[in-house]
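One structure is given here, and the rest of the page talks about it.
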Amino acid sequence: MLARALALTLLVAGATTLGAQASPNMAPGYQQTYDRMLQQIREIAIFDDHGHPGFAEDTDVDAMASSPSHAPLRLQGDNPELIDASKALFDYPYSDNSPDHLKWLVAKKAELRKTYPGYQYFDRILDKLNVQTMMANRVAMGDYLDPKRFHWVFFVDSFLFPLDNKDLSARNIDLGVYVPLQEKLLKRELGQAGLTALPGTFPEYLAFVSKILEQNRAHGGVSIKFEIAYFRTLHFEDPPQGMAAAIYNRYHAGGRVPAAEQTVLQDFMFRYLLREAGRLHLAVQIHTAVGTGDFFSVTGGNVLNLENVLRDPRYSNVNFVLLHGGYPFQDQAIWLTARENVYLDSSLMGLYLYPADLAEVLRHWLLLYPDKVVFGSDAFPFSEAIGQKKVIG
């Protein structure tokens, strides 16, 4: 997959460069070689490192939801590329996305769900796209996703928010959407562990978190996922457990928590989850690009904020995948992969950038650390009609 995706990008980039010359100096047989290589590349099955597969009505697709925001050009609903995709996947007969025509698409998908029940619907989509395997970022795996084709990446941000979060939720409209969903997920995880309330001591809370990780791994989880950049900076200090325990023990039964103390607890829990991921042989995927919403902090979400964590030898047994390549700091992010256990993922950039621009990003990466670059589609069910389009993490 990676070979196919990246080689195709470089071939297209090369052709674009040649086409821009007034008199291209094309070696004899160049076009025939290009066509032959392109066909071979297209036959390589894809490994999709990052997607959110599922039906639009499935609330387990993501641990978050889209906040109000102005989408960039290629993610706007009238993008003609979406029409082309609908034609290729579902034989869409129209050349626009008018409401009446989208009703046809909704009905077509409903018909296909009946024709291809169980695993067949999404397996068929993967086959059409020549995707062999997808890393599925989901709260829980749906019973309609084939575990042989979709490997579970589960969210863990909820464990950073066990205390009263009213002040954080009130900070802006984005957090007013995001934070309650983390609280809802944490309550669900408590139920999964057979608990009706937060544990009474910090060691018991850590044991609860570890239990959920172990259970999820036993049910097919292969990686944990952080969307934490939507809530706070990606810079994490390294507080001692005693400091975090004092905060938890003081406020777990209720009470307004000062922001500075919330941050200390979050910093400790983030690093605790990394240690547990290493112990359980779970990879770690982290959203490291600009995000949706009016209040996403591009400065706080800068992937370079993670450098003190990624270069910490205590996490040498953890494989980190920096989702979305740190965009728009992708040129700096590639240097983080000098660490043996750090990888860059190309997802999201393929939705924001047009192919010629994406090709330049990948060319820069491949000239430096070609073995540390992975492909991701960031597929997401944006709506009932427009199937797999990503808007969050």
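The values are calculated or read from the model by the stated rules, or taken from the named source; none is laboratory data. It should be emphasised that the depicted structure is a prediction, and the values quoted were computed from it without experimental measurement. Positions of Cβ are backbone-derived with ideal geometry, glycine not excepted, and every protein chain shown enters the neighbour counts. Side chains are part of the model used for accessible areas, which takes the heavy atoms of the whole protein and leaves out ligands, DNA and RNA. Shrake-Rupley method; radii C 1.70, N 1.55, O 1.52, S 1.80 Å.
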Inset, instruction - Count the net charge of all other residues whose Cβ sits under 10 Å from the Cβ of Phe295, scoring Lys and Arg as +1 and Asp and Glu as -1. - result: -1
Legend entry - Rough spin-label spacing in nm, given labels placed 7 Å along Cα→Cβ, for Lys114 and Ala246: 6.5 nm
Inset, instruction - Please calculate the 1.4 Å probe accessible area of Ile247, with all protein chains present, and give it to the nearest 10 Å². - result: 10 Å²
Legend entry - Heavy-atom accessible area ranking, 1.4 Å probe, most first, across Arg232, Arg256: Arg256, Arg232
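Give me the net charge for the shell around Asn317: Cβ to Cβ below 10 angstrom, other residues only, Lys and Arg +1, Asp and Glu -1.
Local net charge: +3.
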Legend entry - Cα-projected label distance for Lys187 with Thr201, points at 7 Å along beta-carbon direction, nm: 2.8 nm
Inset, instruction - Provide the percentage of antiparallel DSSP beta bridges, counting only those with both residues in the chain; round to the nearest 5. - result: 5 percent
Inset, instruction - For the chain, find the longest principal axis of its Cα atoms and tell me its angle to the long axis of helix 173-192, 0 to 90°, nearest 10. - result: 70 degrees
Legend entry - Mean ellipticity per residue at 222 nm, deg cm²/dmol - from DSSP H runs of n ≥ 4 across the chain, formula -39500 (n - 2.57): -13500 deg cm²/dmol
Inset, instruction - Please label the shape of the stretch 259-300 as rounded, prolate or oblate, based on the square roots a ≥ b ≥ c of the eigenvalues of the alpha-carbon gyration tensor (a/c under 1.5 means rounded; beyond that, a/b larger than b/c means prolate, else oblate). - result: oblate
Legend entry - Area of His219 that stays accessible when all protein chains are in place (1.4 Å probe, Å², to 10): 150 Å²
Inset, instruction - Report the relative contact order of the chain, percent, no decimals, based on alpha-carbon pairs under 8 angstrom and at least 6 residues apart. - result: 21 percent
Inset, instruction - Give a quick list of trypsin sites (Lys or Arg not before Pro) in the stretch 117-208 that DSSP marks as loop, anything other than H, G, I, E or B, with at most 12 other Cβ atoms within 10 Å. - result: Lys148
Inset, instruction - For Lys211 and Glu57, compute 0.36 nm times the residue count separating them, minus their Cα-Cα distance, and round to one decimal in nm. - result: 52.5 nm
Inset, instruction - Please give the contour-minus-distance gain from Thr233 to Asp96: 0.36 nm per residue of separation, less the Cα-Cα distance, rounded to one decimal in nm. - result: 45.3 nm
Inset, instruction - Report, in degrees rounded to the nearest 10, the 0 to 90 angle that the Cα long axis of helix 2-20 makes with the longest principal axis of the chain. - result: 50 degrees
Legend entry - Extension gain, Ala71 back to Trp335 (0.36 nm per residue minus Cα-Cα distance, nm): 92.1 nm
Legend entry - Solvent-accessible surface (1.4 angstrom probe) belonging to Tyr119, in square angstrom, nearest 10: 100 Å²
Inset, instruction - Compute the acute angle (0 to 90°) between the alpha-carbon long axis of helix 30-42 and the principal axis of greatest extent of the alpha-carbon atoms of the chain; round to the nearest 10°. - result: 40 degrees
Inset, instruction - Read through the labelled values [x] 30, 59, 10, 0; [y] 26, 56, 17, 1; [z] 26, 51, 20, 3, 0 and report the label of the one computed as P(r) over Cα pairs in 20 Å bins from 0, in percent from the structure. - result: [y]
Inset, instruction - Distance from a point 7 Å along Cα→Cβ of His219 to each backbone N in the stretch 32-65: keep the residues under 15 Å and list them by number. - result: 59-63
Legend entry - Spatially near lysine pairs across the stretch 93-201, Cα under 28 Å, sequence gap of 8 or more or different chains: 11
Legend entry - Heavy-atom accessible area order for Trp152, Trp335, Trp365, largest first, 1.4 Å probe: Trp335, Trp152, Trp365
